[in-house]
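Engineer: Attaching a single structure in structure tokens format; questions to follow.
Values in this text are rule-based calculations from the coordinates and carry no lab data. Not measured: the values here are computed from a predicted model. Cβ sites come from the backbone with ideal geometry, for glycine too, and all protein chains shown count toward neighbours.
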Amino acid sequence: MTKSELVENLAENNSWLTRKDSEMIVNIVFDSISDALKRGEKVEIRGFGSFTIRERGAREARNPKSGAIVKIPAKKTPFFKTGKELRERVNDLAE
């Protein structure tokens, strides 16, 4: 599902929301999650999962084409861990 499909789904399932309102709501939610992660906070949505920041250390890698060693700097990456309820719902759908 893409972001635009999510917006469309929200608008279709709520007669009082326009597509524009739905898009604004989705953007606010995503921006809020991004801003919290930028501040180093953990974002936990009960029944869905949690977003955290993981720090990856600097390392050396090899360019597969030339074989030259490339230095990769340390960086922070977002990490998502699914919640128990989401895992159970996905597994129930798979059966």
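Engineer: Ranked highest first by average number of other Cβ atoms within 10 Å, how do 7-14, 82-89 line up?
Structural biologist: 7-14, 82-89
Engineer: Between Asp92 and Arg19, what FRET efficiency follows from the Cβ-Cβ distance if R0 is 41 Å, with the result rounded to 0.05?
Structural biologist: Calculated transfer efficiency: 0.85.
Engineer: Total Lys pairs in the chain closer than 20 Å by alpha-carbon, pairs eight or more apart in sequence or interchain only?
Structural biologist: 9
Engineer: Right, next: For a quick check: with amide H placed at 1.01 Å from N, whose amide H comes under 5 Å from Gly49's, ignoring anything fewer than 5 positions away on the same chain?
Structural biologist: Gly83
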